[in-house]
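Data block below; observations after.
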Amino acid sequence: RMWEPQADRFAGEWRVVRPDLRGFGGTVHSDGEDRHATDLAGLFLDLGLPPSVVVGASMGGGVAIDLALEHPDLVRALVLVGSTYGGFHFLEPALFDQWRELTDIYEAGRLDEAAELETEIWSGPSTSPEAKRAVVEMVRLSYDHGEIEEAEVEPPAGGRLGELEMPTLIVVGEEDRVDIARAADELVNSIPHARLVTVPGAAHLPSLEQPDAFNAILADFLARLD
C-alpha cells in the first residue's frame, strides 16, 4: 500500500511489482532465518523479470542495496529513499531514547500504542494525518507477524558501496532524522553514479508523504536512463 501513489502514476508506462517483504503486509515469516534480498532474487526468477529499476524506502532501501550487490545482473538502476545500508551505525541520542521507549511499550503488549509511537518517530512536522494513519496501519500489521530473524551478511554492504555501478538516485526528506540525512550523504559519496535529491516538506517516507513531488523526481530519473 505504501507504493500506491507510484503504482497509480507509473503502471501505464512500466510494469510495477510491489512485493510485501516477509513480515510485512500480507506476507508472514517462515521458520528459520530469512534474507529479504534472497527472496527478491527468487521473485525475479519466478516472474521472469528483466533487469529492473529497484526502488526501496527505509529498510527496503538496504534490501535493494544487498540485492544489487549480490545480483547486479538483476538491477538496471537503484532508487534509495530514506535508506541506510548494512553496517551503518545510528548515532542520534534522541533516537535511541525513543527506541528504548518503543521497546518497552512493544514488550508490554501495547501494540496499538507502539505503532503510534513508531510512526511519530519517523514523522516530521509537515507529515499529514492521512500519511500517519497509513503508516500506523502498516506498522501495526507488521507487529502481528512478529519480529524477523534475518541472516547477517558478511561483509556488510557499507564496505562495498563502490561496487554499485548502476545509476542510483538517493532521495531524502528534508525533515527526516539527522542520521538518515547522514546516511544519504554517505551513499551519494560512495556509490559511483549516484545523485541526491532532497524533498521539501517530507520526513522519512517522501513517496507517501509528498507523492506528487516524489513522482516528478522519479519520472525525471527514469527518463534519463539509457
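The values are calculated or read from the model by the stated rules, or taken from the named source; none is laboratory data. Given the structure is predicted, the values throughout are model-derived calculations rather than measurements. Note that we place each Cβ from the backbone using ideal geometry, even for glycine, and neighbour counts take in every protein chain shown. When the accessible area is computed, the model is the full protein with side chains, heavy atoms only, and any ligands, DNA or RNA have been set aside. Shrake-Rupley method; radii C 1.70, N 1.55, O 1.52, S 1.80 Å.
Please work out the C-alpha center-to-center distance from the stretch 53-92 to the stretch 130-145 and express it in whole Å.
22 Å
So, counting K/R as plus one and D/E as minus one, what does the shell of residues with Cβ under 12 Å around Thr103 add up to? Walk me through the intermediate numbers first.
Values: positive: Arg100, Arg110; negative: Asp97, Glu101, Asp104, Glu107, Glu118, Glu147.
The answer is -4.
So who's got an amide H within less than 5 Å of the one on Val53, skipping anything under 5 residues away but keeping other chains? H placed 1.01 Å off N, in plane.
Answer set, sorted by chain and number: Arg76, Ala77.
With a probe of 1.4 Å, find how much accessible area the chain has per residue, and write the answer as a whole number in Å². Walk me through the numbers on the way to the answer.
Details: 11430 Å² over 226 residues.
Counting only protein heavy atoms, the per-residue value for the chain is 51 Å².
For the chain, modelled as a GNM with alpha-carbon contacts under 10 angstrom, which of Leu43, Leu102, Leu196 fluctuates the most?
Leu43
So, with +1 on the Cβ of K and R and -1 on the Cβ of D and E, and no other charges, what is the size of the charge dipole of the stretch 86-226 about its Cα centre, to the nearest 20 debye? Mind dumping the intermediate values first?
Details: 10 positive and 30 negative charges, 101 e Å.
The calculated dipole for the stretch 86-226 is roughly 480 debye.
Using alpha carbon coordinates only, what is the Rg to Rh ratio of the chain, with Rh defined as the Kirkwood radius?
Numbers: Rg = 16.9 Å, Rh = 18.1 Å.
Result: Rg/Rh = 0.94.
Can you give the net charge of the other residues whose Cβ lies under 11 Å from the Cβ of Asn215, counting K and R as +1 and D and E as -1?
Values: positive: Arg9; negative: Asp8, Asp212, Asp220.
For residues surrounding Asn215, the net value is -2.
Can you tell me which of Val28, Val188, Val136 moves the most in a GNM of the chain? Springs connect C-alpha atoms under 10 Å apart.
Maximum fluctuation in the GNM of the chain, among the listed residues, is at Val28.
Given the chain, what percent of its DSSP beta bridges are antiparallel, to the nearest 5? Don't jump to the answer; show the numbers that get you there.
Working: 1 of 18 bridges.
Counting only bridges with both partners in the chain, antiparallel ones make up about 5 percent.
Place +1 on the Cβ of every Lys and Arg and -1 on the Cβ of every Asp and Glu in the stretch 59-218, take the dipole about the Cα centre, and give the residue among Ala64, Pro200, Ala181 whose Cα lies farthest towards its positive end.
Pro200
Mean residue ellipticity at 222 nm from the helices of the chain, using -39,500 (n - 2.57) per DSSP H segment of n ≥ 4 over the full residue count, to the nearest 500 deg cm²/dmol?
My calculation for the chain gives -14500 deg cm²/dmol from helical runs alone.
In the stretch 155-226, which GluC sites (Glu not before Pro) fall in coil by DSSP and have 13 or fewer other Cβ atoms within 10 Å? Don't jump to the answer; show the numbers that get you there.
Values: sites: Glu163, Glu165, Glu174, Glu175, Glu186, Glu209; in loops: Glu165, Glu174, Glu175.
Answer by residue number: Glu165.
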